[in-house]
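See below for the structure under consideration.
The values are calculated or read from the model by the stated rules, or taken from the named source; none is laboratory data. In this text the structure is predicted, and so the values were computed from the model without any measurement. In this analysis, Cβ positions are derived from the backbone assuming ideal geometry, glycine residues included, and neighbour counts consider all displayed protein chains.
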Amino acid sequence: MATLATTAPQRTQHQHAIRTARPGLFIPSYSLWQREIVRFYRQRARVIGVIASPLLFWVAFGAGFSHSFSSGNTGASGHAFGYFFPGSIVMIVLFTAIFSMMSLIQDRNEGFLLTVIASPVSRSAIVLGKVLGGATLAAIQGLIFLCFTPLAGVHPSFGGLVLAAAVILLISFEITALGFTIAWPMDSTQAFHAIVNLILLPLWLLSGALFPADKASGWLRAIMLANPLTYGVDALRNALDPAARTDHSLAINLAVTLGFCLVTFIASWAVVNRRTHKPAV
């Protein structure tokens, strides 16, 4: 009887310890988010490359196409630098999100991801931490690039800058979540690069970043209008230059962008649970 009396409280304490040992959603997500931020900014060459490449791209294409656009297509700025500027910001976001999600493959090859999966951390915390980490990095790079708006001949209002920052956050989140969905099942960075060249870069090229959809041929215009990133670029262009012409209103652009954020996050959560689920024996 004494043994039973002493083991019952111990059993209760042990069960309570098991329940409390499982961390919640916030702490693991924050730890993974912080790890992504620290890892990125410790690699200076990576930071410089992410910012310099779209900047050179913007200057080269803006100068090359400066006489190819009429003032009615470029908006109030009246030249191609203003037209290409929103697409250049989205390109920075895309590049940063791509390189951030490459770390997912590195974490798997180095064994870190296996350790996280084996721990009592929920799959939702893994997805949320990694996606928010990559999205934060991409958004920071895009927000820094907003400082170049005067050089592009674009002078948005304060409200326009706030709206542009919100759009950049949404675009960063949707691209990062999409990259997470693609990178999670992969074991090599070479395969991820191949998918990036096949899907993500064409997604940007056909988003209206380089040429307006209304100037494209019929079949190409249909693809551009079906591209969710087109609406993000349009929303960013409307925020920075309300006089710029777009195919849809700001409300429609924001609604599609929000919807795509939700779809990509659900897809990333589903692929993690599908890949890590094991049937009970």
Name every residue in segment 23-60 that is at pLDDT below 75 and small (Gly, Ala, Ser), in order of residue number. GLY24, ALA45, GLY49, ALA52, SER53, ALA60
Test ILE98 against the stated conditions and say whether it is more than 20 Å from CYS261 (Cα to Cα) and modelled with pLDDT of 80 or more. no
Among the residues listed as THR246, THR257, THR264, the single one being of a type in the set (S, T, N, Q), at pLDDT below 85 and surrounded by 13 or more Cβ atoms within 10 Å (Cβ to Cβ): THR246
Could you check segment 180-231 and list, in sequence order, the residues that are on the phi < 0 side of the Ramachandran plot, touching a residue at least 60 places away in the same chain (Cβ under 8 Å) and small (Gly, Ala, Ser)? ALA183, SER188, SER207, ALA209
Segment 234-252: number of residues that are in contact (Cβ under 8 Å) with a residue 60 or more places away in the chain and over 17 Å from LEU161 (Cβ atoms): 1
Residues being part of a helix (DSSP H, G or I) and modelled with pLDDT under 85 - total across segment 148-166: 5
Taking interchain pairs and intrachain pairs at least six residues apart, which have beta carbon atoms under 6 angstrom, with the first residue in segment 107-135 and under 24 Å from ILE175 (Cβ atoms) and of a type in the set (D, E, K, R) and the second surrounded by 14 or more Cβ atoms within 10 Å (Cβ to Cβ) and at pLDDT below 80? ASP107/LEU113
Given ILE144, ILE126, which one is closer than 19 Å to ARG44 by Cα, within 23 Å of the chain's Cα centre (by Cα) and assigned to a helix (DSSP H, G or I)? ILE144
